[in-house]
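**Student:** Handing you this structure, nothing more for now.
The values are calculated or read from the model by the stated rules, or taken from the named source; none is laboratory data. Because the structure is predicted, anything quoted here is derived from the model rather than measured. Heads up, the Cβs are rebuilt from the backbone with ideal geometry, glycines too, and the neighbour counts pull from every protein chain shown. In case anyone asks, the SASA skips ligands and DNA or RNA and just uses the protein heavy atoms, side chains included. Shrake-Rupley method; radii C 1.70, N 1.55, O 1.52, S 1.80 Å.
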Amino acid sequence: LLDRYNETMAVISHILPLEEVTFFQDMPRVLVARIEGYMYVREYEPRQIIHFPDDTCDYLYWVRGGRVRITRNSQEEKEFTFRHVRTGDCFGEEALGHRSRRENYAEALENTTLWLLRGDDAGRLMRDDNIFAGAMAQHLIVRLSETEEVLVSTVFEPVRQRVIMGLARLLPRPMTSGLVQLSLTHQELANLIGSTRETTTFALHSLRDEGLLTIKNRQIIINEPGVLLERSGLRI
């Protein structure tokens, strides 16, 4: 019970007001208030499914606090995790297009609070307000760039570098000083970077031996976030 309480309090302490989310920061307050009027807030427990494949594409989501993973399963029941969504990030963008059904699972990895915006309302906002439309276009451009970056690293980078890059993508934004604690298993990280658990664990141990991180049960603690980010070559 104490562990459950501590997990809940950790999420609560990292819940963002809407105006502090990067997507909305440069918008006029009156517009942010209008958008917030369209939104719903929902809470999810660890391992709770937010949406399934074949669910209707009816909402966009922003993470108010917590973490979500996006996965897809093959017909052979192989699982591929291609994104972890952190506090302040958006997912479910397919609700803006012509796709009627989801193709992926979205699962809360910890106690998570989401803002939900109906796709129809988002489309109306994009038609009515150039600022919102521009922010959404910029968000989608960044998402495309990140996806290309992951694909390129999977093809060209050795596993150790992919581990560094995968951990760097999970760092909080904006960057904070001090240790960064990630609730992440070796298998989850391996799924994210397209590797095996054994090879990923070997790379993590080498980084641990350098003092860059500490490994605990289901946790990876980044001792030097700035150094990790510099080695990744990413711009966050």
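**Student:** Considering 110, 93, 103, which residue is over 14 Å from residue 58 (Cα atoms) and not small (Gly, Ala, Ser)?
**Tutor:** Result: 110 is the single residue among 110, 93, 103 that is over 14 Å from residue 58 (Cα atoms) and not small (Gly, Ala, Ser).
**Student:** Do the conditions hold for residue 116, that is, is it surrounded by 15 or more Cβ atoms within 10 Å (Cβ to Cβ), of a type outside the set (Asp, Glu) and not in a helix (DSSP H, G or I)?
**Tutor:** In short, yes.
**Student:** Name the one entry in 67, 101, 4, 47 that is at pLDDT below 95, within 25 Å of residue 154 (Cβ to Cβ) and among the charged types (D, E, K, R).
**Tutor:** Only one candidate passes the filter, namely 67.
**Student:** Within the range 30-43, can one find any residue that is in contact with a strand residue (DSSP E or B) (Cβ under 9 Å, 6 or more places away or on another chain), at pLDDT 90 or above and under 28 Å from residue 190 (Cα atoms)?
**Tutor:** Checked against the condition, which is being in contact with a strand residue (DSSP E or B) (Cβ under 9 Å, 6 or more places away or on another chain), at pLDDT 90 or above and under 28 Å from residue 190 (Cα atoms), the range 30-43 yields at least one hit.
**Student:** Looking at 218, 231, 160, which is the one that is of a type in the set (Lys, Arg), open to solvent by 20 Å² or more (accessible area, probe 1.4 Å) and within 22 Å of residue 78 (Cα to Cα)?
**Tutor:** Result of the check over 218, 231, 160: 218.
**Student:** Could you tell me which residue of the range 17-75 is most open to solvent (accessible area, probe 1.4 Å), considering only residues that are in a helix (DSSP H, G or I) and aliphatic (A, V, I, L, M)?
**Tutor:** Filtering the range 17-75 for residues that are in a helix (DSSP H, G or I) and aliphatic (A, V, I, L, M), the one most open to solvent (accessible area, probe 1.4 Å) comes out as 30.
**Student:** Same structure, new question: Could you check the range 134-157 and list, in sequence order, the residues that are surrounded by fewer than 16 Cβ atoms within 10 Å (Cβ to Cβ), closer than 19 Å to residue 123 by Cα and among the aliphatic types (A, V, I, L, M)?
**Tutor:** Passing the criteria: 137, 140, 141.
**Student:** Please give the number of the condition residue 125 fails out of (1) under 25 Å from residue 188 (Cβ atoms); (2) touching a residue at least 60 places away in the same chain (Cβ under 8 Å); (3) among the hydrophobic types (A, V, I, L, M, F, W, C).
**Tutor:** (1)
**Student:** Scan the helices (runs of 4 or more DSSP H) fully inside the range 155-236 and keep the ones with 2 or more residues being under 22 Å from residue 110 (Cα atoms).
**Tutor:** 159-169, 186-193
**Student:** Next question, about the same structure. Being farther than 19 Å from residue 202 by Cα and touching a residue at least 40 places away in the same chain (Cβ under 8 Å) is the filter here, so list the residues in the range 148-176 that pass it.
**Tutor:** Matches in the range 148-176: 149, 150, 169, 170, 171, 172, 173, 175, 176.
**Student:** Cβ-Cβ under 6 Å, sequence separation 6+ or interchain: first residue in the range 63-86 and more than 26 Å from residue 18 (Cα to Cα), partner modelled with pLDDT of 80 or more and outside any strand (DSSP E or B). Which pairs?
**Tutor:** Taking only residues 6 or more apart or on different chains, the pairs are 72/104; 81/191; 81/192.
**Student:** If residue 54 passes every condition in (1) more than 20 Å from residue 119 (Cβ to Cβ); (2) among the acidic types (Asp, Glu); (3) modelled with pLDDT under 95 but one, which one does it miss?
**Tutor:** For residue 54, the exception is condition (1).
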